[in-house]
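K.L.:
Supplied in structure tokens, the structure appears directly below.
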Amino acid sequence: MTSNLHTNQTTPTHKPRPWVDLLVSIIIPSVILMKLSGDEYLGSVMALVVGLAFPLGWGLFELVRYRKYNFIAVLGLISVGLTGGIGLLELNAKWLAVKEAAVPAVIGIAVLISTRTRYPLVKTLLYNPTVLNVDKIQSVLKQNNREEEFDARLQKASYLFSLTFVFSSVMNYVLAKWIVTSPSGTQAFNEELGRMTLVSYPMIAIPSMIMMIAIFYYLWRSIRKLTGYTLEEVMAPHLASDEGNKSSDSSPRS
């Protein structure tokens with residue numbers, strides 16, 4: 001019993017905190033790079049170090065604290081490290097555009113490669129026991145002899161998923177080439193980098209999120225069509241119980 005308690009304490013449950021992610025990974029670094037890069041404040045080098053330290057530190061904290069050692073998270077940390085390296089080593093700014101395009105491109109390629117393995121990434125991210133009652137769905141698919149049809153739809157979802165990263169790759173390159181035009185290591189470079197980070201959220205992150213929601217909707221509609229279940233009936237047990245508790249809490253008491 002003691003060992004189980006110790007395990008729960010050392011590996012706490014990860015809860016998504018989108019507003020904290022947005023603040024630490026985008027808003028704070030952007031403000032530092034755009035407003036504090038002058039010599040009267042931090043200077044171009046120190047502002048770059050401090051600005052990038054926020055998303056890098058937050059990413060490392062998430063990895064160490066919650067043991068979430070996944071491919072995409074690690075790639076994100078590498079991306080931040082490369083951005084810092086380009087600025088601190090004063091490399092040609094064109095490498096920033098290449099790096100910005102390369103990171104989502106690598107993820108998109110990984111998604112495509114994963115479709116040829118037993119563990120496609122879309123299955124890991126969207127069709128998994130933390131979101132859906134996979135065992136219940138698979139049981140009905142097997143009974144109805146529709147497993148192959150569902151696998152084909154899952155494959156299509158994987159292709160659509162990879163396209164979101166193609167979109168991100170192209171947009172990242174265009175934004176970097178358009179906004180960051182000053183030599184790296186300068187105050188202007190930092191300010192443009194901060195502007196690019198800020199602009200990338202509404203122009204890239206939000207459309208990509210909408211695409212992801214659309215893919216999940218396609219996946220759910222496929223499950224609905226092939227099993228007859230509603231979304232509430234195939235939610236993961238812990239999510240379904242949470243919804244039930246909320247409903248009972250919100251219902252009027254006599």
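The values are calculated or read from the model by the stated rules, or taken from the named source; none is laboratory data. Only a predicted model underlies this, so the values are computations on that prediction, with no experimental measurement involved. Cβ atoms come from the backbone with ideal geometry, glycine included; neighbour counts cover every protein chain shown. With ligands, DNA and RNA removed, areas are computed over all heavy atoms of the protein, side chains included. Shrake-Rupley method; radii C 1.70, N 1.55, O 1.52, S 1.80 Å.
K.L.:
Looking at the stretch 121-139, I want the residues that are farther than 23 Å from Ile107 by Cα and among the polar types (S, T, N, Q) and have a partner that is modelled with pLDDT under 85 and open to solvent by less than 30 Å² (accessible area, probe 1.4 Å) with Cβ atoms under 6 Å, at least 6 apart or on another chain. Which pairs are those?
P.N.:
Asn133/Val234; Asn133/Ala236
For (1) part of a loop (DSSP other than H, G, I, E, B); (2) out of contact with any strand residue (DSSP E or B) (no Cβ under 9 Å at 6 or more places or on another chain); (3) open to solvent by 60 Å² or more (accessible area, probe 1.4 Å), each residue gets a yes or a no:
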| position | (1), (2), (3) |
| --- | --- |
| Asn128 | yes, yes, no |
| Gln138 | no, yes, no |
| Leu141 | no, yes, no |
| Arg153 | no, yes, no |
| Ala157 | no, yes, no |
| Leu160 | no, yes, yes |
| Met171 | no, yes, no |
| Ser184 | yes, yes, no |
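K.L.:
Here's a follow-up. Condition first: of a type in the set (A, V, I, L, M, F, W, C) and more than 20 Å from the chain's Cα centre (by Cα). Now tell me which residues in the stretch 177-197 satisfy that. Spell out how you get there, then give the answer.
P.N.:
The first filter runs over the stretch 177-197 and keeps only residues of a type in the set (A, V, I, L, M, F, W, C), leaving 178-180, 188-189, 193, 196.
Trp178, Ile179, Val180, Ala188, Phe189, Leu193, listed by residue number.
K.L.:
Against the definition (modelled with pLDDT of 65 or more and within 24 Å of Leu121 (Cα to Cα)), how does Ile78 come out, yes or no?
P.N.:
It is true that Ile78 is modelled with pLDDT of 65 or more and within 24 Å of Leu121 (Cα to Cα).
K.L.:
Return the total of residues in the stretch 27-53 being at pLDDT below 75 and part of a loop (DSSP other than H, G, I, E, B).
P.N.:
Selection size over the stretch 27-53: 5.
K.L.:
Which pairs do you get when a residue that is within 12 Å of Ser168 (Cβ to Cβ) and open to solvent by 30 Å² or more (accessible area, probe 1.4 Å), found in the stretch 194-216, comes within reach of a residue that is hydroxyl-bearing (Ser, Thr, Tyr) and in a helix (DSSP H, G or I), reach meaning Cβ atoms under 8 angstrom, with the pair 6+ apart or on two chains?
P.N.:
Once the first residue is within 12 Å of Ser168 (Cβ to Cβ) and open to solvent by 30 Å² or more (accessible area, probe 1.4 Å) and sits in the stretch 194-216, its partners that are hydroxyl-bearing (Ser, Thr, Tyr) and in a helix (DSSP H, G or I) give Met211/Thr164; Met212/Thr164.
K.L.:
When you scan the stretch 85-108, how many residues do you find that are aliphatic (A, V, I, L, M), over 16 Å from the mean Cα position of the chain (by Cα) and in a helix (DSSP H, G or I)? Spell out the reasoning first.
P.N.:
Here is the first cut: in the stretch 85-108, the ones aliphatic (A, V, I, L, M) are 86, 88-89, 91, 93, 96-98, 101-103, 105-107.
With over 16 Å from the mean Cα position of the chain (by Cα) added as a condition, the list becomes 86, 88-89, 91, 93, 96-98.
If we keep only those that are in a helix (DSSP H, G or I) as well, we get 86, 88, 96-98.
The total comes to 5.
K.L.:
Between Val180, Val166, which is under 30 Å from Ile32 (Cα atoms) and touching a Gly at 6+ places or on another chain (Cβ under 7 Å)?
P.N.:
Val166
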